[in-house]
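The values are calculated or read from the model by the stated rules, or taken from the named source; none is laboratory data. Treat the numbers as computed from the prediction; the structure is a model and nothing was measured. Counting neighbours? That spans all protein chains shown, and the Cβs are built from the backbone with ideal geometry, glycine included.
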Amino acid sequence: MSSILKVDEIQNTDGKTGIVITPDGSLESVKFPEQSSPSNRVITSTTMSSYEEGTFTPLFRTSASSTDIGSNYTNRVGEYIKVGSLVYFSFDMQATIGSTGGEVCYIGGLPFIPAASNLYSVPTVRDCTCVTIPSGSILKAFVVPSVNAMHLQSEVLTSGSGVNLHVFNSGGRANMSGSYITNE
């Protein structure tokens, strides 16, 4: 004799926390206990509805929405973890040829499109020889809202002004990580 137990929800005795399961048996969401909001924050949700890990293929672009610059890559790998609407990513890539200039340098292929309200999420640059940074400047990279790309600029240290970069170096490498919010 066999038995089957069908469950569509598991709740703690407080009735406020638990796990919700869909009819096909997959996890729909996890509900955490609600807490009172501290004076300087407003809690808008205590439910985690998604978790995902995967890979993506980063690429060099010459505009936010263009395709790959047509380069051959010796290395190109990206990984991500998405928890709810927060995407953590890291990638490493190196191209054998560069671009000729004239347009703005972007890195595309991010796994999800950043939310329109996702202003200036700044990735951590671990290694970036894919562009040449002028003397007296530092590299700035930021996620572009509503497009699955990052914009590369140099920032002049004395003035703080951003300057678009226009040429990808042949044999250049980009190794970065960061996070951003998505509506997907």
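Across region 152-174, the qualifying residues are those that are in a strand (DSSP E or B) and touching a Leu at 6+ places or on another chain (Cβ under 9 Å), and the one among them that is surrounded by the most Cβ atoms within 10 Å (Cβ to Cβ) is Ala174. With respect to the conditions (1) at pLDDT 85 or above; (2) within 23 Å of Tyr73 (Cβ to Cβ); (3) β-branched (Val, Ile, Thr), Val156 lacks only one, and its number is (2). Checking each residue in region 45-59 for being in a loop (DSSP other than H, G, I, E, B), under 19 Å from Asn183 (Cβ atoms) and touching a strand residue (DSSP E or B) at 6+ places or on another chain (Cβ under 9 Å) picks out Ser49, Ser50.
Within the option set Ile138, Ile133, Ile181, being under 10 Å from the mean Cα position of the chain (by Cα) and either in the same structural domain as Ser85 (by TED's automatic domain parsing) or surrounded by 17 or more Cβ atoms within 10 Å (Cβ to Cβ) (or both) holds for one residue only, Ile181. When residues in region 70-108 are screened for being part of a loop (DSSP other than H, G, I, E, B) and of a type in the set (Lys, Arg), 0 of them pass.
Every condition in (1) under 17 Å from Pro58 (Cα atoms); (2) crowded, with 18+ Cβ neighbours inside 10 Å; (3) modelled with pLDDT of 85 or more holds for Asp127 except the one numbered (2). If you go through region 153-184 and keep only what is among the β-branched types (Val, Ile, Thr) and without any contact (Cβ under 8 Å) to a residue 60 or more places away in the chain, you end up with Val156, Thr158, Val163.
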